[in-house]
Amino acid sequence: MSTSAQELALQERQTDKDLYSYQKGAIDKIFTSFEEAPEDHHLLYQLPTGGGKTVIFSEIVRQYLKNHNKKVLVMTHRIELCKQTAAMLTEFGVKNKIVSSKANLEDQKEYACFVAMVETLNNRLRDDKLDISDVGLVIIDEAHYNSFTKLFKYFEKSFILGVTATPLSSNIELPMKDNYDELIVGESIPDLIENGFLSEAIPYSYNVGLTNLVVGSNGDYTVQSSDDLYTGADMLSRLLQAYEERCKGTKTLIFNNGINTSLYVYDTFRREGYPIMHLDNTATKKQRKAILKWFKETPDAILTSVSILTTGFDEPTVESIILNRATRSLTLYYQMIGRGSRVLPNKSTFNVIDLGNNFYRFGPWGEDLDWQRIFRSPSYFVDHLIDDESIEENFTYEMPDELRAQFANSENVYFDIKKAYIQSVKDGESTKVILERSIEQHAKICTENSEDVFDALILAKELGDDIDHRIERYTKCISKSTHNFVAWLKDDYRLKLRSFLRENFDTIYEQIHGHPPPEEE
């Protein structure tokens, strides 16, 4: 999309009360369902993060109150969303009251619209402090969270509208199709990008071995096993490398799966002199406000966080998202990346760095998913996610650009361990020959790019990630991968590579160049 077309799209809504054409179309579909369905119908509406769900349901509230002699209740799951929703409703001319734990509800008859957090609302209803006898419409923001369903019993005669970016329940045991009668799918991410309403994600993936991660009872990876992996020196180094290669000089959000990991990330980047802050759910309101203000106002700022910014956070100037974690939650995957998708006149793309094999697991962000099928058959979708072992079987190591430049004289630096293993089995050879041939190939590319054996040995030290990848592939092939054995093999490989170079450098050099290496002066 051209810059001028993008600017026109951004200008299409002159004020917060004007709507884009696709938003008007969604409202028409939802009101058609109102008119045709029974009064206790449960409707779910899906629209990607950044598409303007709050704008849509605020206009729905305005029109509903104008044409119906009943009240509206909007439910959220977080205080930030509660306040944002109340503010948006006010912009649309809807007088509303937040049902907080401290709110005085003696004046509730003066209001036709209430906004409440689910837990607070549950307490108020249980204590019979809120009159809901005339609530005709209930709107549920971020409806994929299951905390809302316990309140449905209070609204047996109300039309319920759930809105979400991902119509897949946060608990696979409680599918959304059990609580909603119908799904309306809104504009897709590709269409929103094409028409200039969302920025396009530019993906970069760094292969990570995840087979030591543990899946917890909630179906996602545990914080403890994630911390064990992502606080390691290798992963912190890889994160820093990925940032410097792809995101340096951009405003960056880093998502982690544990406070401990995020603090390690903070220390790592701070030592390198980068402007970074850490935020998690233990921060006070005052601290959170100060950190987000700093992030907004600081050029090239980095904010490392733990899930807290996946909903209710809108900072259009974010230019890079780093997934420094793995997740098995499609919803979380879309929420995290969506934080970078807001458009600005000078921003039509944003970077996404994946350090958790999430692209392999879910496909590219922005892929046109069949949400109707996911809504109807969530178990089928979850059961057919690619497991980590299968993902890692298809990994191929790619040298970072900076390292590849040091091997510029080598046409090919890749060695296919799996292919070599299959060939060795066919030929009836010992699998040990695979690592011997790998060492020979490493020695060859080191020699191709060196003037003497000392240069070659220095280059060999730079091959650590490649060596580790080859050893991990090899141990999977031979089905022997205890931690101690893998660690020993990695050390042994490095020793043998250095020894092979010392003994054979002159010979390899002559084979490559047709003459012995130059004599030292």
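If R0 is 25 Å, what FRET efficiency do you get for N171 and H41 from their C-beta distance, rounded to 0.05?
FRET efficiency, N171 to H41: 0.60.
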Let me have the 222 nm mean residue ellipticity of the chain computed from DSSP H runs of 4+ only, each contributing -39500 (n - 2.57), with the sum over all residues rounded to the nearest 500.
-13500 deg cm²/dmol
What is the pair-distance distribution P(r) of the stretch 3-191, computed from all Cα-Cα distances in 5 Å bins starting at 0, with each bin given as a whole percent?
1, 7, 17, 21, 22, 16, 9, 4, 2, 1, 0, 0
If you place +1 on the Cβ of every Lys and Arg and -1 on the Cβ of every Asp and Glu, how big does the dipole about the Cα centre of the chain come out, in debye to the nearest 20?
2280 debye
Nearest 10 degrees, 0 to 90: helix 464-477 Cα axis against the chain principal axis
80 degrees
Spacing of the two label points (7 Å from each Cα toward its C-beta) at Q287 and E244, in nm
3.0 nm
One checks the Cα atoms of the stretch 401-513 and finds Rg and Dmax, in Å, of 14.2, 42
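If the only charges are +1 at each Lys and Arg Cβ and -1 at each Asp and Glu Cβ, what is the size of the charge dipole of the stretch 370-507 around the Cα centre, to the nearest 20 debye?
Charge dipole of the stretch 370-507: 520 debye, to the nearest 20.
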Residues in the stretch 333-357, backbone N under 18 Å from the label point at E272 (7 Å along the Cα-to-beta-carbon vector): list them, ranges by number please.
351-356
Those GluC sites (Glu not before Pro) from the stretch 371-422 that are DSSP loop and have at most 13 other Cβ neighbours within 10 Å turn out to be E411
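Please go through the residue pairs K71/K285; K70/K177; K418/K461; K109/K285; K24/K71; K83/K285 and name each one whose alpha carbons sit more than 20 Å apart in this structure.
From K71/K285; K70/K177; K418/K461; K109/K285; K24/K71; K83/K285, over 20 Å: K71/K285; K70/K177; K418/K461; K109/K285; K24/K71.
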Could you tell me which of P203, Q335, S450 has its Cα farthest along the dipole of the chain towards the positive end, charges placed at Cβ (Lys, Arg +1; Asp, Glu -1), taken about the Cα centre?
Q335
Gained length - K150 relative to D387, 0.36 nm times residue gap less alpha-carbon distance
82.0 nm
Taking N as its residue count, the alpha carbon Rg of the chain over 2.2 N^0.38 Å:
1.18
Specify the angular offset, from 0 to 90 degrees and rounded to the nearest 10, of the alpha carbon long axis of helix 483-513 from the longest principal axis of the alpha carbons in the chain.
50 degrees
Give the angle, between 0 and 90 degrees and rounded to the nearest 10, that separates the Cα long axis of helix 233-242 from the longest principal axis of the Cα atoms of the chain.
70 degrees
Can you list the lysines whose alpha carbon sits under 16 Å from that of K251, skipping same-chain ones fewer than 8 residues off?
K293, K296, K347
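Read-outs throughout are calculated quantities, based only on the coordinates presented, and are distinct from any laboratory measurement. For clarity, every value in this text was computed on a predicted model and none was experimentally measured. Here Cβ is always computed from backbone atoms with ideal geometry, including for glycine, and neighbour counts include all displayed protein chains.
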